[in-house]
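Computed from the coordinates by the stated procedures, all read-outs in this text should not be read as laboratory data. Computed from a predicted model, the values in this text were never measured in an experiment. Positions of Cβ are generated from backbone atoms using ideal geometry, with glycine treated the same way; all protein chains shown enter the neighbour counts.
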Amino acid sequence: MRALVFSLLLLLVGCTTHYQSQDQTVEIADGVQLQLLSSIPFDNGMTLTQSATAEYNDEHHDLIFQTEILSDKLTMVGLTPTGTRLFTIVMKDGMIDATGLSAMVDSIKPEYLLADLQLSLWPKRQLLQHLNNADLLEPNPLKREIVNDGIPIITIDYSQPTKYQGTIRFNHLERGYSLVIAPLAIEMNAND
C-alpha cells in the first residue's frame, strides 16, 4: 500500500511544473507587442471569479478563473469546472511565476493570458501607451478592436459598459481562438 501511495505522489509531482520569466513584452500578434502593465486601473484592486469557455480548432474547454488584482500583484488561478487547480500565475515586481499541471503551463504562455486579461479590462488610455505597431479602437462602449494596418487582429465585445461586470467575448482573429468569459462573483477590495 505504501508503495502505491508513493508511486501516486511521484506521478503527481512529475506532472507539475514551474515557469518563471522577467519578459514583460508579449507578442500578441505578428509584429505587434504589448508591454504588460504593472499598474492597476481599479481603486484598491478587486477579485474576480469568472467562468470561461475557450474555443480553438473546433474544441471547447470550460474553465473557472479566479483573478486577484492588487496594487502590487496580479494573481490568476485556472480551475476545472469541478474546482481542480490547473495553474496559478503571479505577476509581481517585474516577474511572472506560473505553477501547475505541466500540460497546461507548458501549452499556454502565462504572458499571453495576462495580455488577454489586460487587453480586455484595462482602460484604453493605459493600453495605448504599452501597445506597439497596432491601434486600439473603441467604436462604442461595448466594443474594442486591436488593429494593425486597418486589419482587426483582436475583437472584444462586452455586454456591459463596465467591462468586468458582464460577459466578454474575446476573439483573436490571427491565432484563431476565442474566449467567452462571464462573471460569477466580483469583490471590490475595501480601502486599507
Tell me, what HN-Hα J-couplings in whole Hz come from the Karplus equation 6.51 cos²θ - 1.76 cosθ + 1.60 at θ = phi - 60° for each residue of segment 79-91, using x for Gly and Pro?
10, 6, x, 8, x, 6, 6, 9, 7, 10, 10, 10, 10
Determine, for each peptide in 111-123, 173-185, 56-68, 85-97, the mean count of other beta carbons within 10 angstrom over its residues, then list the peptides with the highest first.
111-123, 85-97, 173-185, 56-68
Given a Förster distance of 30 Å, the FRET efficiency implied by the Cβ-Cβ spacing of Asp72 and Lys143, rounded to the nearest 0.05, works out to 0.40
By per-residue mean of other Cβ atoms within 10 Å, what is the highest-first order of 42-53, 140-151?
42-53, 140-151
Specify the angular offset, from 0 to 90 degrees and rounded to the nearest 10, of the alpha carbon long axis of helix 2-14 from the longest principal axis of the alpha carbons in the chain.
20
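Calculate the all-directions average of the projected area of segment 80-146's alpha-carbon convex hull, and give it in nm².
Details: hull surface 25.3 nm².
Seen from a random direction, the Cα hull of segment 80-146 projects 6.3 nm² on average.
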Go ahead and estimate [θ] at 222 nm for the chain from helices alone: -39,500 (n - 2.57) per DSSP H run with n ≥ 4, summed, over the residue count, rounded to 500.
-5500 deg cm²/dmol
Under the Karplus curve 6.51 cos²θ - 1.76 cosθ + 1.60, θ = phi - 60°, whole-Hz ³J(HN,Hα) for segment 155-164, x wherever Gly or Pro sits:
10, 10, 10, 10, 8, 9, x, 7, 3, 6
Over 21 Å, how big is the tail of the calculated P(r) for segment 125-192, in percent of all Cα pairs?
34
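Using only the Cα atoms of segment 54-111, construct the convex hull and provide its projected area averaged over every direction, in square nanometres to one decimal.
Details: hull surface 17.2 nm².
If you wrap the Cα atoms of segment 54-111 in a convex hull and average its projections, you get 4.3 nm².
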In the chain, if every C-alpha pair distance is counted and binned at 10 Å from zero, what percent goes to each bin?
8, 34, 38, 14, 4, 2, 0
